[in-house]
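Chemist: What follows is a structure written as structure tokens; I'll ask about it next.
None of the figures in this text is laboratory data; all of them are computed from the coordinates on show. Predicted model only: the values in this text are computed from it and were never measured. Cβ: placed from backbone, ideal geometry, glycine included. Neighbour counts: every protein chain shown.
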Ligand code: PAN
Ligand code: ZN
């Protein structure tokens, strides 16, 4: 078969320190202003908006265009808090509900919250070397509970798509907050 009729293999390099991928489609930057309404302590969030810190960046590796293939990307989630809530990603489920995903933690410390539509939560600690298999239908969010960037590598189906609406509206049933002795999981009283 003629190789020119096939999707072409792609090569990229991952910088393990920075979490960047050089052959990157288009870096996504999420600042605090992109997550308005996501944190419980709105007063604290408003006060931080002047600086509008970067919460995370996503580096999607260039795709070969295979629609039923896989997408690959890294996420770099900065350390910090809004009130007592750690910096976190928006969180989403996949538009193609049954689409799963794998996260592989490269560095830093954090949590991955996976949650069903009914609010059943599974929280796992993320640290260098942990692999997280997220089955289809589970919404997922990552939280940086450490003092350095949380960097992880992700692989998901190219046709998965992202559904942010449900999480934006109702949040996650569980929150990860900074307690006296470190991260604590608490019930989200505003969860609807
Ligand atoms: C990840 C996430 C990334 C950013 O690549 O998209 O960590 O999180 P949000 O998309 O929730 O802002 C992934 O889960 N892709 O499917
Ligand atoms: Zn995902």
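Chemist: Looking only at Cα atoms, what is the convex hull volume of region 46-99 per residue, in Å³?
Modeler: Once divided by residue count, the hull of region 46-99 is 121 Å³.
Chemist: Further question: Write down the Å³ per residue value for the convex hull defined by the alpha carbon atoms of region 92-187.
Modeler: Spelled out: Cα convex hull of region 92-187, divided by residues, is 93 Å³.
Chemist: Turning to a different aspect of this structure: Measure out, as a whole number of angstrom, how far apart the alpha-carbon centroids of region 125-191 and region 77-91 sit.
Modeler: Their Cα centres are 10 Å away from one another.
Chemist: Quick one: which of 156-164, 128-136 comes out on top by average Cβ neighbours within 10 Å, and what's the full order, highest first?
Modeler: 156-164, 128-136
Chemist: Given an 8 Å cut-off on Cα distances and at least 6 residues of separation, report the relative contact order of region 1-153 as a percent.
Modeler: So the answer I get is 23 percent.
Chemist: Considering only 116, 145, 74, give the residue with the highest GNM mean-square fluctuation for the chain, with springs between Cα atoms whenever their separation is below 10 Å.
Modeler: Its mean-square fluctuation being the largest, the pick is 116.
Chemist: Here's something else I'd like to know. Computed over the Cα atoms, what is the radius of gyration of region 7-50 divided by 2.2 N^0.38 Å, N being its residue count?
Modeler: With N residues counted in region 7-50, Rg over 2.2 N^0.38 Å equals 1.82.
Chemist: A follow-up question, please. At 20 °C and 1.002 mPa s, what whole-number value in µm²/s does Stokes-Einstein give for the translational diffusion of the chain, with Rh from the Kirkwood sum over Cα pairs?
Modeler: 124 µm²/s
Chemist: So which residue, out of 108, 91, 165, gets the largest mean-square fluctuation from a GNM of the chain using Cα contacts under 10 Å as springs?
Modeler: 165
Chemist: Taking region 1-103, how much of its Cα-Cα pair set, in percent, is spaced more than 24 angstrom apart?
Modeler: For region 1-103, the fraction of Cα-Cα distances above 24 Å is 41 percent.
Chemist: With each run of n ≥ 4 DSSP H residues scored as -39500 (n - 2.57), what mean residue ellipticity at 222 nm is computed for the chain after dividing by its residue count and rounding to the nearest 500 deg cm²/dmol?
Modeler: Helix-only estimate at 222 nm: -1500 deg cm²/dmol.
Chemist: When the chain is modelled as a GNM with alpha-carbon springs shorter than 10 Å, which of 40, 124, 18 fluctuates the most?
Modeler: Answer for the Gaussian network model of the chain: 18.
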